[in-house]
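Comments concern the structure below.
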Amino acid sequence: MNKSAEKALEVRGLKKSYGKLEAVKGIDLEVGRGEIFGLLGHNGAGKSTTIECVLGTRMPDAGVISVLGMDPAKDRKKLFSRIGVQFQQSAFQDKIRVAEACAVAAALYERGKDWKILLARFGLEKKVRTLVNELSGGEKQKLAIAIAMIPDPDLLFLDELTTGLDPQARRDMWQYLSSLREDGVTIMLTSHYMDEVDFLCDRIAIMKEGRIAAQGTPASLVEEASVRGAKNLEDVFLMHMEKETAQ
């Protein structure tokens, strides 16, 4: 791993089932510090369950997980102060204003970034008195990401981060995440936009039916699949999804 010998995240033999459904079937992952890592796959592939186990919000059935050198189940409180999380469907209280949502989030941390500066960074400085449910979809997405950055995290989890953003806003977000990487922040993201993944990610893993179907740099996976006609990352992804459909 060329980013750093030190791992921000390590998963070994992770398994999780819901009754008879095996959601995650013994996967291995590792993410280096200062790396942007993409976890890809169709809905139901096991991505969300994997991330929930990594965050300590769901207990795995088997496996070992280390996040920033800590056990997410045993060291959850300490770990909480060092990670940021943005979910695609971020839930905000009804009738809460933008400033209130940020203040509530900031109160959870002993130290962190000034949320007013973060709002300005995402073009939301004029929305502080606006009710969250009156924001556009893209504005809600920006707010969720701004709130995820309040703890000044060492490790940031992003779920479909640019959904609802216009093309220029997407590009601005890419540049912002690239700058975070330069500052040493580790990022783990999910996305269905292959151009985004190709631009941002140092390495990716493609999940299929609870297993890792492919893992490596975007360029190496395209080169490996080029013998089967792949010309870009989207071709690689679709090849694996076609296999999933055929099974």
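Below are the figures for this structure:
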{"quantity": "Filter result (touching a helix residue (DSSP H, G or I) at 6+ places or on another chain (Cβ under 9 Å), more than 13 Å from Met194 (Cα to Cα) and of a type in the set (A, V, I, L, M)) within the range 222-238", "calculated": "Ala225, Ala230"}
{"quantity": "Positions within the range 107-124 being at pLDDT 95 or above and either of a type in the set (A, V, I, L, M) or within 17 Å of Leu165 (Cα to Cα) (or both), in sequence order", "calculated": "Ile117, Leu118, Leu119, Ala120, Leu124"}
{"quantity": "Residues being over 20 Å from Gly112 (Cβ atoms), of a type in the set (A, V, I, L, M, F, W, C) and touching a helix residue (DSSP H, G or I) at 6+ places or on another chain (Cβ under 7 Å) - total across the range 37-92", "calculated": "3"}
{"quantity": "Hey, Thr245 exposed (fewer than 15 other Cβ atoms within 10 Å of the Cβ), out of contact with any His (no Cβ under 6 Å at 6 or more places or on another chain) and modelled with pLDDT of 95 or more or not", "calculated": "no"}
{"quantity": "Of all residues making up the range 51-68, the number that are surrounded by 19 or more Cβ atoms within 10 Å (Cβ to Cβ) and over 13 Å from the mean Cα position of the chain (by Cα)", "calculated": "6"}
{"quantity": "Meets criteria (touching a His at 6+ places or on another chain (Cβ under 8 Å) and not aliphatic (A, V, I, L, M)) for Glu160", "calculated": "yes"}
{"quantity": "Neighbours by Cβ (under 6 Å, 6+ apart or cross-chain): first from the range 125-140, assigned to a loop (DSSP other than H, G, I, E, B); second of a type in the set (D, E, K, R)", "calculated": "Arg129/Arg97"}
{"quantity": "Residue list for the range 95-126, filter: of a type in the set (D, E, K, R) and either in contact with a strand residue (DSSP E or B) (Cβ under 9 Å, 6 or more places away or on another chain) or in the same structural domain as Leu189 (by TED's automatic domain parsing) (or both)", "calculated": "Lys95, Arg97"}
{"quantity": "Strands (runs of 3 or more DSSP E) completely within the range 1-116 that count 2 or more residues being touching a residue at least 60 places away in the same chain (Cβ under 8 Å), of a type in the set (Asp, Glu) and at negative phi", "calculated": "21-32"}
{"quantity": "Output for the range 138-161, where each listed residue is in contact with a helix residue (DSSP H, G or I) (Cβ under 8 Å, 6 or more places away or on another chain), aliphatic (A, V, I, L, M) and more than 25 Å from Val128 (Cβ to Cβ)", "calculated": "none"}
{"quantity": "Filter result (in a helix (DSSP H, G or I) and either of a type outside the set (D, E, K, R) or in contact with a strand residue (DSSP E or B) (Cβ under 9 Å, 6 or more places away or on another chain) (or both)) within the range 141-161", "calculated": "Gln141, Leu143, Ala144, Ile145, Ala146, Ile147, Ala148"}
{"quantity": "Single unsatisfied condition, Arg203 versus (1) farther than 20 Å from Val31 by Cα; (2) within 18 Å of the chain's Cα centre (by Cα)", "calculated": "(1)"}
{"quantity": "Selection count, the range 142-167, where residues are free of Cβ contacts under 8 Å to residues at least 40 places away in the same chain and touching a Leu at 6+ places or on another chain (Cβ under 8 Å)", "calculated": "1"}
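The values are calculated or read from the model by the stated rules, or taken from the named source; none is laboratory data. Not measured: the values here are computed from a predicted model. Cβ coordinates were reconstructed from backbone atoms using ideal geometry, including for glycine residues, and neighbour counts include every protein chain displayed.
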